[in-house]
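Peer 1: One structure coming up, written as structure tokens, with questions to follow.
The values are calculated or read from the model by the stated rules, or taken from the named source; none is laboratory data. In this text the structure is predicted, and so the values were computed from the model without any measurement. A quick note on method: Cβ atoms are made from the backbone with ideal geometry, for glycine too, and the neighbour counts reach across all protein chains shown.
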Amino acid sequence: MQNIIISIIGGDIRHIYLANLLIDRVKEVKVFGLNHVKLDPRVNRYDNVIEAINKADIVIGPIPFSTNDKTIKASLYNKDIYIEELFISMTNKQKLISSNFSETATEMATNYKINIIDLNSFNEFAILNAIATAEGAIKEAIEASDISLHGSEVLVLGFGRCAKVLADKLQGIRAKVSVTARKKEDLAYIEAYGYTPIDFKKMNSTLDKYDYIFNSIPKLVLDESMLCKVKKDCIVIDIASSPGGVDFYAAEKLDVKAILSLGIPGKVSPKTSAEIMWRIISDL
């Protein structure tokens, strides 16, 4: 990687750590849309996309790539960076590394012949990021409630990578953990791990017992008909990809405290997240 030029466009605090990590490992690090005092002075800053990605072998984008299919996410920059502007400026020899590319963004990349690599397609990346996501979700829950997680009745919706790690962390602090799933095999694993298995189809009959509910399913699960059954002092934490799995309008109407918690790794452990990104990128 010593002869590689890497450009970072947009992003958040984890991209600052990534730029600083890369500076001693690659030929040059160029950034645009990252204004932060912690950025190593050896990192080259640019005022526009064209100059920032010129001669770069790899372009690293934000996580997620975009939330509106028009601009890329750039939480440390006060102007919009348009997806089309980036794609027009890139060549088909460059690699664009980011995550959570929508169908629209993927189609645009195809039309512009852009070689995109989604970090979430690497199990290692997703699993390691699930650790930070779980820790951050627990932090959110503790800060939002007046009761301890220890000994509380907790429901985890879903049994994917994030949910598995989250359930394990919750059990580690002695919460009473129940987990929902659809597949019989998953329900068997849930029981084997020492959690209470809940068939997804029968979940609504148990909702009134939980002090905390964590959703990891990226489609509407907790609609108004479900939310009206939860305890009034229950804390609902949604860690699923946008738009999440909770009807937040209904939650507000029913006076249920529901929190949409996106991009947790970049918020609670940006340095570790940057190191995980580098592990994947260095093997490409």
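Peer 1: Being under 24 Å from A126 (Cβ atoms), aromatic (F, W, Y) and touching a residue at least 60 places away in the same chain (Cβ under 8 Å): is that true of F214 here?
Peer 2: Spelling it out, F214 is indeed under 24 Å from A126 (Cβ atoms), aromatic (F, W, Y) and touching a residue at least 60 places away in the same chain (Cβ under 8 Å).
Peer 1: When you look at S7, is it more than 19 Å from the chain's Cα centre (by Cα), more than 26 Å from S269 (Cβ to Cβ) and of a type in the set (S, T, Y), yes or no? Give the steps one after another, and end with the answer.
Peer 2: Values: more than 19 Å from the chain's Cα centre (by Cα): yes; more than 26 Å from S269 (Cβ to Cβ): no; of a type in the set (S, T, Y): yes.
No, not satisfied.
Peer 1: Yes or no: segment 55-75 includes at least one residue that is farther than 23 Å from I264 by Cα and either among the hydroxyl-bearing types (S, T, Y) or surrounded by fewer than 20 Cβ atoms within 10 Å (Cβ to Cβ) (or both).
Peer 2: Yes, that holds for at least one residue.
Peer 1: Considering only segment 34-53, I want to know if a residue exists there that is without any contact (Cβ under 8 Å) to a residue 24 or more places away in the chain and assigned to a strand (DSSP E or B).
Peer 2: yes
Peer 1: State yes or no: is A175 in contact with a His (Cβ under 8 Å, 6 or more places away or on another chain) and either buried (at least 17 other Cβ atoms within 10 Å of the Cβ) or of a type in the set (D, E) (or both)?
Peer 2: yes
Peer 1: I've got another one for you. Residue under question is I276, and the condition is that it be in contact with a Leu (Cβ under 7 Å, 6 or more places away or on another chain), part of a strand (DSSP E or B) and β-branched (V, I, T); does it hold?
Peer 2: no
Peer 1: Looking at S145, S121, S102 in this structure, which one is surrounded by fewer than 22 Cβ atoms within 10 Å (Cβ to Cβ) and farther than 20 Å from K73 by Cα?
Peer 2: Step by step, each of S145, S121, S102 is checked, and only S145 is surrounded by fewer than 22 Cβ atoms within 10 Å (Cβ to Cβ) and farther than 20 Å from K73 by Cα.
Peer 1: What is the residue count in segment 1-23 for residues that are under 15 Å from K73 (Cβ atoms) and either in contact with a Gly (Cβ under 6 Å, 6 or more places away or on another chain) or assigned to a loop (DSSP other than H, G, I, E, B) (or both)?
Peer 2: Result for segment 1-23: 4.
Peer 1: Go through the residues of segment 262-274 one by one and say whether even a single one is exposed (fewer than 15 other Cβ atoms within 10 Å of the Cβ) and of a type outside the set (S, T, Y).
Peer 2: yes
Peer 1: Follow-up. Need the failing condition index for H15 against (1) more than 20 Å from F125 (Cα to Cα); (2) under 17 Å from the mean Cα position of the chain (by Cα), just the number.
Peer 2: For H15, the failing item is (1).
Peer 1: Determine, yes or no, whether V26 is assigned by TED's automatic domain parsing to the domain that holds S89, within 21 Å of T91 (Cα to Cα), touching a residue at least 12 places away in the same chain (Cβ under 8 Å) and not in a loop (DSSP other than H, G, I, E, B). Spell out how you get there, then give the answer.
Peer 2: Working: assigned by TED's automatic domain parsing to the domain that holds S89: yes; within 21 Å of T91 (Cα to Cα): yes; touching a residue at least 12 places away in the same chain (Cβ under 8 Å): yes; not in a loop (DSSP other than H, G, I, E, B): no.
Against the criterion (assigned by TED's automatic domain parsing to the domain that holds S89, within 21 Å of T91 (Cα to Cα), touching a residue at least 12 places away in the same chain (Cβ under 8 Å) and not in a loop (DSSP other than H, G, I, E, B)), V26 does not qualify.
Peer 1: Inside segment 218-242, can you point out the residues that are more than 25 Å from the chain's Cα centre (by Cα) and either at positive phi or assigned to a loop (DSSP other than H, G, I, E, B) (or both)?
Peer 2: Correct list: C228, K229, V230, K231, K232, D233.
Peer 1: Could you please give the count of residues in segment 161-179 that are within 22 Å of L128 (Cα to Cα) and either in contact (Cβ under 8 Å) with a residue 60 or more places away in the chain or in contact with a helix residue (DSSP H, G or I) (Cβ under 9 Å, 6 or more places away or on another chain) (or both)?
Peer 2: So the count comes out to 13.
Peer 1: Let me ask something else. Collect the residues in segment 125-159 that are free of Cβ contacts under 8 Å to residues at least 24 places away in the same chain and polar (S, T, N, Q), keeping them in residue-number order.
Peer 2: Residue satisfying the conditions is S148 alone.
Peer 1: Further, regarding this structure: Which condition number in (1) under 23 Å from the mean Cα position of the chain (by Cα); (2) crowded, with 22+ Cβ neighbours inside 10 Å; (3) of a type outside the set (G, A, S) is the one that I190 fails?
Peer 2: Only one criterion is unmet by I190, namely (1).
Peer 1: Say whether the condition of being at pLDDT 95 or above and touching a Cys at 6+ places or on another chain (Cβ under 8 Å) is met by at least one residue in segment 182-189.
Peer 2: Checked against the condition, which is being at pLDDT 95 or above and touching a Cys at 6+ places or on another chain (Cβ under 8 Å), segment 182-189 yields no hits at all.
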